[in-house]
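Trainee: Here's a structure for you.
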Amino acid sequence: VSMSPATEQRQFTVRMRFFHWLTAAMVLTMLGIGLAMVASLAYYHRLISIHRPLGILILILVVIRFINRRYSTLPPFLPTMSPRERSIASASELFLYALLIVQPLVGWGMLSAARYPIMLHGSLHLFPILPHNVMLYAVLRRAHTVLAYLLSLTILAHFGAVLFHSWVMRDGTFSRMAPWRVRAH
Amino acid sequence: MTPDNFGISYICLVSSGALKLAATRHFGRLAGTGVVLLGAAGAFLYLGGWFNPEALTPARFADGFERADGIYSGFRLNHAKGVCVSGSFESNGRGTRLSKAVVFKPGRVPIIGRFSLPGGNPYVADEPETVHGLGLLFKLPDGEEWRTAMIDTPVFNVNTPQAFYDRLFAAQPDPKTGKPDPEKMAAFLVSHPETVQAMKIIQSHPAPSGFDNSTFYGLNAFWFVDGSGISTPVRWSMVPEQPFVAADTAAAHGDKNYLFDALIASIHQHPLQWHLIITIGQPSDPTNDATIPWPDAREQVDVGTLTLDRVESEDADSCRVINFDPLVLPEGIAPSADPLLSARSAVYSQSFTRRAGEKKLPSAVTPSEVQK
């Protein structure tokens, strides 16, 4: 294996890839649960009982992931990406981080403003982070929906961009974040 | 960069790349990418019920209430007329053998409650034969809550959310006559024999004269879970200390709030009390059908006393801002498989979200009426 700078790191670190796929699985599950829960009478309670603790787990995970990212070395962009595309990729990454941190906080905040007990598991529950104010609840509840759709669209754009690069242009974008190890050659 | 700008520049970028490639051999893969993305988006929209416009969702249920009873800004979609009460629940400790819930340990917890009448009209006139409602919130010392919404009929008149919705429209007054269309209700009852049975049971109990001497029933079955994880099927009721007086059909005297006024006067006179009675089900007793009563011989345990000693107009906001969601439960009480429970939780939540964002109209029972 060559140790020249161009080839020494083609993939994100193992820890970054682990965090990426764990977040992906949890967030996709979460979006599915959120969408299904607001449309269902029969499964509403079961789904919301998963939705609350999973949201908090995602918040914790994303904060840890963000800290880990700041202290990790990233592989260089592929030469197939123009400077413009690179800046969009970086901005979209930041935007995703922001959404993934704000969305659970809005959920926690809206339940606080409505003074619902924020039950996680058994008798374990969270403290309220906002004052009891139902008008505030109404605003945050709407924001939670808007953010969920924004998050879905951003993930879809991210997925589309990777698909375009990896499948149409065949430039190996996916292998950078592949859950398995991809050898340089 | 705003999300919109970001989206637009991204679309430009992808489509310019796409155009270049469209003329080449990559066209098939590009089309494939589009199909995969549409499929992913479609799968999520399917989960959100976008392709099933006929299904009864919480939002459509709420729309149904608004269509049936009209829209009253800032009020609940059902049980819209009410007053707030508060007091305490004193547990005698006898519930601890059935449930590990903190509420059953000996001691006192604060209560916020709400007496109400059914229907979406918050200005409806009180009637002798009307159903009485009581919502309660038990504030437990560890930060947990137990909320329950009860009415004074021993069973419920439907056993599925769809039947509730269909009955709502079957019972709707005809705009021409101002009375429900008997044919519509007859058609509903033909397809719902469980409702016919339940109505018989409800009508065999004489209606009480007021809120203070009503027995309130939790209607749905729940599970009590004890410290060792053993679950017991239960139903609960609040049995009044105040002696039963049958409803007097001549009592209304044209006073639109006479039931609430009588409640206010009686709380001002002395605190009102109810016993929380837990009925213990047997394995043969249905836990998923609110129209079927359990046999009278079932063991009952008096687990404590509810005392209500303060009353306030809803305009004071003490209970108006509370959603008496029957699935806000402490550890030690778990929902049964009764389909009404999850549906109640979903629709109450929808109702709460709608009224939380609306301008509040004044309540029928005004603050000055409560001070009289």
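The values are calculated or read from the model by the stated rules, or taken from the named source; none is laboratory data. Owing to the predicted nature of the structure, the values given are computational and were not obtained by experimental measurement. In this analysis, Cβ positions are derived from the backbone assuming ideal geometry, glycine residues included, and neighbour counts consider all displayed protein chains.
Trainee: Could you check region A:146-171 and list, in sequence order, the residues that are in contact (Cβ under 8 Å) with a residue 24 or more places away in the chain and either in a helix (DSSP H, G or I) or in contact with a helix residue (DSSP H, G or I) (Cβ under 7 Å, 6 or more places away or on another chain) (or both)?
Mentor: Listed by number, the residues that qualify are A:Leu147, A:Ala148, A:Leu150, A:Leu151, A:Ser152, A:Thr154, A:Ile155, A:Ala157, A:His158, A:Ala161, A:His165, A:Asp171.
Trainee: Out of (1) assigned to a helix (DSSP H, G or I); (2) surrounded by fewer than 22 Cβ atoms within 10 Å (Cβ to Cβ); (3) within 14 Å of another protein chain (Cβ to nearest Cβ), the odd one out for B:Glu54 is which?
Mentor: (1)
Trainee: Moving on. Determine whether region B:71-83 contains at least one residue that is part of a strand (DSSP E or B) and of a type outside the set (A, V, I, L, M).
Mentor: Yes, there is a match, as at least one residue in region B:71-83 is part of a strand (DSSP E or B) and of a type outside the set (A, V, I, L, M).
Trainee: Can you pull out every residue in region B:136-185 that is closer than 17 Å to B:Gln197 by Cβ and among the hydroxyl-bearing types (Ser, Thr, Tyr)?
Mentor: B:Thr153, B:Thr160
Trainee: Could you grab the pairs with beta carbons closer than 6 Å, sequence gap of 6+ or different chains, first residue in region B:114-129 and at pLDDT 95 or above and basic (Lys, Arg), second one part of a loop (DSSP other than H, G, I, E, B) and surrounded by 21 or more Cβ atoms within 10 Å (Cβ to Cβ)?
Mentor: B:Arg114/B:Cys319
Trainee: When residues of region A:140-154 are filtered for being within 9 Å of chain B (Cβ to nearest Cβ) and either surrounded by 15 or more Cβ atoms within 10 Å (Cβ to Cβ) or among the aromatic types (Phe, Trp, Tyr) (or both), how many remain?
Mentor: Going residue by residue through region A:140-154, those that are within 9 Å of chain B (Cβ to nearest Cβ) are A:141-142, A:150, A:152-154.
In the following step, the residues that additionally are either surrounded by 15 or more Cβ atoms within 10 Å (Cβ to Cβ) or among the aromatic types (Phe, Trp, Tyr) (or both) were identified as A:141, A:150, A:152, A:154.
Counting residues in region A:140-154 that are within 9 Å of chain B (Cβ to nearest Cβ) and either surrounded by 15 or more Cβ atoms within 10 Å (Cβ to Cβ) or among the aromatic types (Phe, Trp, Tyr) (or both) gives 4.
Trainee: Continuing with the same structure: So which of A:Tyr97, A:Tyr71, A:Tyr116, A:Tyr44 is more than 10 Å from every other protein chain (Cβ to nearest Cβ) and over 16 Å from the mean Cα position of the chain (by Cα)?
Mentor: Result of the check over A:Tyr97, A:Tyr71, A:Tyr116, A:Tyr44: A:Tyr71.
Trainee: A follow-up question, please. Does at least one position in region B:330-350 carry a residue that is buried (at least 22 other Cβ atoms within 10 Å of the Cβ), modelled with pLDDT under 95, in contact with a strand residue (DSSP E or B) (Cβ under 6 Å, 6 or more places away or on another chain) and assigned to a loop (DSSP other than H, G, I, E, B)?
Mentor: no
Trainee: Which condition from (1) under 26 Å from A:His121 (Cα atoms); (2) in contact with a helix residue (DSSP H, G or I) (Cβ under 6 Å, 6 or more places away or on another chain); (3) not hydrophobic (A, V, I, L, M, F, W, C) is the one that B:Gly64 breaks?
Mentor: (1)
Trainee: Here's another thing I want to ask about it. In region B:140-176, which residues are hydrophobic (A, V, I, L, M, F, W, C) and in contact with a helix residue (DSSP H, G or I) (Cβ under 9 Å, 6 or more places away or on another chain)?
Mentor: B:Leu140, B:Trp146, B:Ala149, B:Val155, B:Phe156, B:Val158, B:Ala163, B:Phe164, B:Leu168, B:Phe169, B:Ala170, B:Ala171
Trainee: Can you name the residue in region B:64-109 that is under 16 Å from the mean Cα position of the chain (by Cα) and within 14 Å of chain A (Cβ to nearest Cβ) and is also farthest from B:Pro240 (Cα to Cα) among such residues?
Mentor: Filtering region B:64-109 for residues that are under 16 Å from the mean Cα position of the chain (by Cα) and within 14 Å of chain A (Cβ to nearest Cβ), the one farthest from B:Pro240 (Cα to Cα) comes out as B:Gly64.
Trainee: Here's another thing I want to ask about it. On the given criteria, is A:Tyr137 of a type in the set (Phe, Trp, Tyr) and crowded, with 17+ Cβ neighbours inside 10 Å?
Mentor: In short, yes.
Trainee: Of all the residues that make up region B:313-367, how many are at the interface with chain A (Cβ under 9 Å from one of its Cβ atoms), basic (Lys, Arg) and over 27 Å from A:Ala42 (Cα atoms)?
Mentor: Final tally of qualifying residues: 0.
Trainee: Further question on the same structure: Do you know which residues across region A:122-134 are touching a Gly at 6+ places or on another chain (Cβ under 7 Å) and either within 21 Å of B:Phe75 (Cα to Cα) or part of a loop (DSSP other than H, G, I, E, B) (or both)?
Mentor: Result: A:Ile129, A:Leu130.
Trainee: Please specify each residue of region B:217-260 satisfying the condition of being surrounded by 18 or more Cβ atoms within 10 Å (Cβ to Cβ) and in a helix (DSSP H, G or I).
Mentor: Once the filter is applied, which keeps residues that are surrounded by 18 or more Cβ atoms within 10 Å (Cβ to Cβ) and in a helix (DSSP H, G or I), region B:217-260 yields B:Leu259, B:Phe260.
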